[in-house]
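Worksheet: the structure to be examined is printed underneath.
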Amino acid sequence: MNMISKIMLCVVLVSTAASSVYAESKMRLFINDVPFFSSYLGLKVEDGTVLAPIDLIAKEFKGSATYDSETNEVRVTLPDSASLTTQLNRLQDGLRATTPREALDTWIKGIQTRNGALQYAVFSPDLKEHTKSEFESYFWTTGGSSPHMGAIENLESLELDEDTVQFTFDYRLVAVEYDEQGSAVVTVQQLSTDRGKGWFITRIGMKDPGDTGLTIGVEPLEQP
């Protein structure tokens with residue numbers, strides 16, 4: 001299969017003439033691996049470019065697209081997706097850690113509450129890139145019902161340099177009639193990102209990455 005170099009939504013077809021210009025197509029549209037079977041989208045390929053009427057694409061996302069002939073402007077409204085994207089960015093901005101300990105505490109809370117989105121929020125850009133698809137495949141739920149991470153013990157911090165801190169700690173494994181202990185090493189680094197500067201987790205090692213159930217972005221600690 002030839003790779004399509006780019007996708008261009010053909011805004012010219014926002015007008016009422018769109019349906020007459022674009023006949024029904026047998027091509028299928030996938031967005032984030034979700035299929036859109038509507039044949040009336042009229043997809044076609046010209047010189048390696050995918051063309052589709054932007055008003056019909058917008059409609060698939062419960063939005064709309066209008067064309068003003070006087071100003072020659074196309075206005076697309078995607079209320080749900082645009083609003084949710086803004087909300088998500090603001091939430092992640094609010095969770096951006098201003099200290100190394102804050103980043104660690106947020107990740108620990110995410111593990112304890114089985115909240116993958118909370119863990120992901122304090123990951124570095126590189127760690128996010130390598131873990132996003134796995135978080136998505138589990139619908140942002142991690143861990144397991146039993147055992148789960150309990151109280152943190154023996155917390156120690158080591159400043160590797162002015163922008164990097166390494167935390168070492170133990171944690172109780174909580175379950176009915178079960179009393180074991182796990183241990184972890186978490187590296188936190190101060191980074192500048194496109195959303196601002198903050199402290200982000202760059203590496204996580206656990207003695208047993210599976211002792212609290214499904215964990216993402218974690219590697220086993222090297223045993224002495």
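The values are calculated or read from the model by the stated rules, or taken from the named source; none is laboratory data. The structure displayed is predicted, hence computed values, not measured ones. Neighbour counts are summed over all protein chains in view; Cβ atoms, including those assigned to glycine, are modelled from backbone coordinates with ideal geometry. All accessible areas refer to the heavy atoms of the entire protein, side chains included, with ligands and DNA or RNA removed. Shrake-Rupley method; radii C 1.70, N 1.55, O 1.52, S 1.80 Å.
Residue order by solvent-accessible surface for Arg195, Arg96, Arg203 is Arg203, Arg195, Arg96, largest first, with ligands and nucleic acids left out and a 1.4 Å probe. In the full protein context, segment 168-224 carries 54 Å² of accessible surface per residue, based on a 1.4 Å probe and ignoring ligands, DNA and RNA.
Normalised by the number of residues in segment 44-163, the mean separation of alpha-carbon contacts (under 8 Å, six or more apart) gives a relative contact order of 13 percent.
Averaging the sequence gap over all C-alpha pairs within less than 8 Å and six or more residues apart, then dividing by the number of residues, gives segment 145-198 a relative contact order of 30 percent. Between Asp126 and Leu158, the contour length at 0.36 nm per residue exceeds the alpha carbon distance by 9.3 nm. The order of Asp208, Asp47 by accessible area, most exposed first and with a 1.4 Å probe, is Asp47, Asp208. In loop segments of segment 158-213 as defined by DSSP, the GluC sites (Glu not before Pro) with at most 16 further C-beta atoms inside 10 Å of their C-beta are Glu162, Glu177. Mean separation of Cα pairs under 8 Å and 6 or more residues apart, divided by the residue count, gives segment 112-170 a relative contact order of 30 percent. In terms of the Cα gyration tensor, with a ≥ b ≥ c the square roots of its eigenvalues, is segment 63-133 rounded because a/c is under 1.5, prolate because a/b exceeds b/c, or oblate? Prolate, because a/c is 1.5 or more and a/b exceeds b/c. For segment 44-107, which chymotrypsin sites (Phe, Trp or Tyr not before Pro) are in a loop by DSSP, counting at most 16 other Cβ atoms within 10 Å? Loop-located and lightly packed - Phe61. The distance between label points at Thr71 and Asp33 comes to 4.0 nm (points 7 Å beyond Cα on the Cα→Cβ vector). Applying both filters, DSSP loop and at most 15 other Cβ atoms within 10 Å, to the trypsin sites (Lys or Arg not before Pro) of segment 128-184 eliminates every site. In terms of its C-alpha gyration tensor, segment 89-217 has an oblate overall shape, because the principal axis ratio a/c (a ≥ b ≥ c, square roots of the eigenvalues) is not below 1.5 and a/b does not outweigh b/c. Applying a threshold of 31 Å to the alpha-carbon distances of Lys132/Lys197; Lys44/Lys128; Lys132/Lys207; Lys62/Lys128; Lys62/Lys109; Lys59/Lys109 flags Lys44/Lys128; Lys62/Lys109; Lys59/Lys109 as lying beyond it. Computed from the C-beta positions of Ser145 and Asp179 and an R0 of 22 Å, the FRET efficiency is 0.80 to the nearest 0.05.
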